[in-house]
Amino acid sequence: VHFNTEGEIVFTAVLYIPNRVPYDFYNNYNTRKNEIKLYVRRVLIAEQHAELIPKYLSFVQGVIDSNDISVNVNRETLQQSKSFKVINQRVTKKILDMISEIAAWEDVTEDEYEEELEEDSEEIALMDEEELAKKKEAAKEKLLKERKERYEKFYEEFGKAIKLGILEDKTNRKKLASLSRWHTTKGDGALVSFDQYIKRMKEVQDQIYFFSGEDRAVLEKS
């Protein structure tokens, strides 16, 4: 995603979420540097700066360019500067917004799935209302399936990072929790969100109990 910001600190950023988690992301989590490069007036001043974005988002790749930071600062001063903190906050928010858009796969508008029908415009012109309604419903279901699989694929790679963020980022904890997905003892093994789990809780249930571990099969036998 490419975006510009306005206000006290103006900067331009290009951010990219890779398809796969970096091979060393979890094994070297505490020492791994991020993939964001910071430029001031197109001059590189910080590459893989450890504090530029939260550690749990260090899989994101990108470039940031600003005219509102002095080039005559060392890395320690940069880290403590107000400009740096503002950039950190805004970039973090943008990344989480990007992920939220992928997670909201159920929010499909009529305009979006009708775009899928444009290629069949001649066929649609000959349909009656009932046939057209079925065609639209099929297009909607197809789009929902594609978007659901897209987030599932993302979460398979980066789900642990989201959970680490819940532990580490108090400011964005609520949003990160909404992005998390969990196995439950009910169902066919599909991951569910907190909202989905809460909606199907019994009225008398006021707590959520959980086991933590790497292997679901082992946990189910506990």
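The values are calculated or read from the model by the stated rules, or taken from the named source; none is laboratory data. The structure displayed is predicted, hence computed values, not measured ones. Virtual Cβ from ideal backbone geometry, glycine too; neighbours counted across all protein chains shown.
I'd like the residue in the stretch 20-48 that is surrounded by fewer than 17 Cβ atoms within 10 Å (Cβ to Cβ) and part of a strand (DSSP E or B) and, out of all such residues, is modelled with the highest pLDDT.
Step by step, filter the stretch 20-48, then rank; the result is LEU44.
Could you go through the stretch 179-194 and let me know if any residue there is small (Gly, Ala, Ser) and under 28 Å from GLN89 (Cα atoms).
For the stretch 179-194, residues small (Gly, Ala, Ser) and under 28 Å from GLN89 (Cα atoms): present.
Charged (D, E, K, R), within 17 Å of ILE95 (Cβ to Cβ) and modelled with pLDDT under 85: does that describe GLU51?
yes
Name the single residue, out of those in the stretch 56-88 being assigned to a loop (DSSP other than H, G, I, E, B) and of a type in the set (A, V, I, L, M), that is modelled with the highest pLDDT.
Per the criteria, the residue is VAL60.
Residue by residue through the stretch 169-192, note down the ones that are modelled with pLDDT of 90 or more, polar (S, T, N, Q) and in a loop (DSSP other than H, G, I, E, B).
Scanning the stretch 169-192 gives THR171, ASN172, SER180.
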